[in-house]
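Below: one structure, written as structure tokens.
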Amino acid sequence: MAAPLARMSVWPVTGRTLSTAAALCRRAAPLGPLPNEQFRGQNLDSLKKYRCFVKYYRQAERESRKTNWWRTYRQFLYPSKDGDEQKVDIGFPSVLPSTKERLKAQKEVLKANHRNPELEKASRHRTLLIPLDEVRADWERECGPIHIQRVAEHYGVYNDLFGKATFVPQVTLRIQYNTEEDAVMPVYYGNVVTPTEAAVPPEVSFEAEEGSLWTLLLTNPDGHLRETDSEYVHWLVGNIPGNRVFSGDEVCHYFPAFPAKGTGYHRYIFILFKQEEHIDFEAELLPNPCHSLKLRTFKTLDFYRKYEDRITPAGLAFFQCTWDASVTHVFHSLLNMKEPIFEHQFPPIYHTPQKKFPHYQPLRYLDRYKDSDELTYGIY
């Protein structure tokens, strides 16, 4: 229902007369039918009965998808508070199989499994082994890109890097850090990797056609020490032939993660772009080694806008990282600066004025008003 219309008229003051104000409120007509108006004045026993919950649930789902005038009016009043803004898809088009085809394929697999006596015997004796590699390959091929996009949206990756744009990561990035001789730390979609483990460049692999060119970017949107909207570029390799990352042009050499102490978890995001042609990255080329935070100040959106006619985002992976002892070495030895330490300044605890006769108060009521450093055993 539309808000009431308020009008106010103020008469000027002349002589010794008093000013008066009158507010006239008029209730405007609604923009459309009110909710449940079709049931007004009807007997509840005469309404339609549902024999099962499934039919009622389906009907409720169909009604919820309809565009009602009050929902549109609310979006008109508060356009910034609703998160239904249409984002621009800057990636490759994603074609998902229809639900009918997917269910048909699942039925065929189930029929084939039921006809297999060896599979039935192994399942009955609890010796059946599930090939997890094949399961992951099917997930990456079918619904994995959509799931990765949802996870990235949950962590605010698209909003902080590309603004009002998004993309479906069609190419699966396999990234791992070699921490020890026989141990590796993989990078998935939000897992925690320590700065010690991310001290050296990782091994990156992905499926690529022979003769194709790619660009790999590693950026940190949470760690800039001076500008809130800027990032630090940690690694940028362009003109990668196929999936041979170390054969590409290293525009910016790898720099270890250095989340400042007291700033919580930082997101370190890998973005894989597919190039349409060979690109000259002379304007973005940084000296090797580059230990200047000013030169490493970066914005992914500006980089994409500059080369958007020749690059398309295709892959995505990221990890979270927080401070450890190796960050101190990065600040002192590589950046040659004093390590910043951030602390939250908590306001002093507020107490109501002390009562002279504190009736019905806890036994240690006077502890909260002590001036000494003695233990108060909690706040009462």
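Only one of (1) more than 29 Å from H147 (Cα to Cα); (2) over 27 Å from the mean Cα position of the chain (by Cα); (3) in a loop (DSSP other than H, G, I, E, B) fails for E209. Which number is that? Of (1) more than 29 Å from H147 (Cα to Cα); (2) over 27 Å from the mean Cα position of the chain (by Cα); (3) in a loop (DSSP other than H, G, I, E, B), only one is false for E209: (1).
Looking at Q38, is it modelled with pLDDT under 90, open to solvent by less than 100 Å² (accessible area, probe 1.4 Å) and either among the small types (G, A, S) or over 30 Å from the mean Cα position of the chain (by Cα) (or both)? Outline the logic, then answer.
On the way: modelled with pLDDT under 90: yes; open to solvent by less than 100 Å² (accessible area, probe 1.4 Å): no; either among the small types (G, A, S) or over 30 Å from the mean Cα position of the chain (by Cα) (or both): yes.
Answer is no for this residue.
Restricting attention to the range 149-163, which residues are in contact with a helix residue (DSSP H, G or I) (Cβ under 9 Å, 6 or more places away or on another chain) and in a helix (DSSP H, G or I)? The answer is Q149, V151, A152, E153, V157, Y158, N159, D160, L161, F162.
How many residues, within the range 307-331, are open to solvent by 100 Å² or more (accessible area, probe 1.4 Å) and either in a helix (DSSP H, G or I) or closer than 17 Å to G264 by Cβ (or both)? Looking only at that region, the number is 1.
For every residue, the table says whether it meets (1) touching a Ser or Thr at 6+ places or on another chain (Cβ under 8 Å); (2) touching a residue at least 12 places away in the same chain (Cβ under 8 Å).
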residue: H234; (1), (2): yes, yes
residue: S247; (1), (2): no, no
residue: A257; (1), (2): no, yes
residue: K274; (1), (2): yes, yes
residue: D280; (1), (2): no, no
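Of the residues contained in the range 241-251, one or more are found to be within 14 Å of F298 (Cβ to Cβ) and part of a strand (DSSP E or B). Under the condition of being of a type in the set (V, I, T) and either modelled with pLDDT under 75 or assigned to a helix (DSSP H, G or I) (or both), the residues counted in the range 68-94 number 1.
Does at least one position in the range 230-239 carry a residue that is open to solvent by less than 10 Å² (accessible area, probe 1.4 Å) and either modelled with pLDDT under 90 or charged (D, E, K, R) (or both)? Within the range 230-239, one or more residues are open to solvent by less than 10 Å² (accessible area, probe 1.4 Å) and either modelled with pLDDT under 90 or charged (D, E, K, R) (or both).
The values are calculated or read from the model by the stated rules, or taken from the named source; none is laboratory data. None of the values given here were measured: they were computed from a predicted structure. Every residue, glycine among them, receives a Cβ derived from its backbone with ideal geometry; neighbour counts consider all protein chains shown. The accessibility values were calculated without ligands, DNA or RNA, using every heavy atom of the protein model including side chains. Shrake-Rupley method; radii C 1.70, N 1.55, O 1.52, S 1.80 Å.
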